1. Within region 33-58, track down each residue that is farther than 25 Å from Glu22 by Cα and either in contact (Cβ under 8 Å) with a residue 24 or more places away in the chain or not aliphatic (A, V, I, L, M) (or both).
2. Considering only residues of region 13-35 that are under 12 Å from the mean Cα position of the chain (by Cα) and open to solvent by less than 80 Å² (accessible area, probe 1.4 Å), which is nearest to Gln2 (Cα to Cα)?
3. Which residue pairs have Cβ atoms closer than 7 Å, lie 6 or more positions apart in sequence or on different chains, and pair a first residue in region 1-25 that is farther than 18 Å from Thr45 by Cβ with a second residue that is open to solvent by 70 Å² or more (accessible area, probe 1.4 Å) and in a helix (DSSP H, G or I)?
Amino acid sequence: MQHLWYALIALVAYATVAPLTEVATQDLPADSAALVTNGMLATVTLAVVTVFLMTFEG
């Protein structure tokens, strides 16, 4: 059942990508916005994996 919450959080987060990217590209070039958003995605993914591994490691 815990996986359902992760899926719902991911769904909501992914649904906000398009509107936020549209707002960001009004002030920044598309390449810069893509670099920032992909960097944020990689950082959050690394944090989630690290917390997950630390939780089930010990």
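1. If the condition is that a residue be farther than 25 Å from Glu22 by Cα and either in contact (Cβ under 8 Å) with a residue 24 or more places away in the chain or not aliphatic (A, V, I, L, M) (or both), then Thr50, Phe52, Thr55, Phe56, Glu57, Gly58 are the ones that fit.
2. Ala13
3. none
The values are calculated or read from the model by the stated rules, or taken from the named source; none is laboratory data. Computed from a predicted model, the values in this text were never measured in an experiment. Every residue, glycine among them, receives a Cβ derived from its backbone with ideal geometry; neighbour counts consider all protein chains shown. Areas reflect the complete protein model, heavy atoms only, side chains present, ligands, DNA and RNA absent. Shrake-Rupley method; radii C 1.70, N 1.55, O 1.52, S 1.80 Å.
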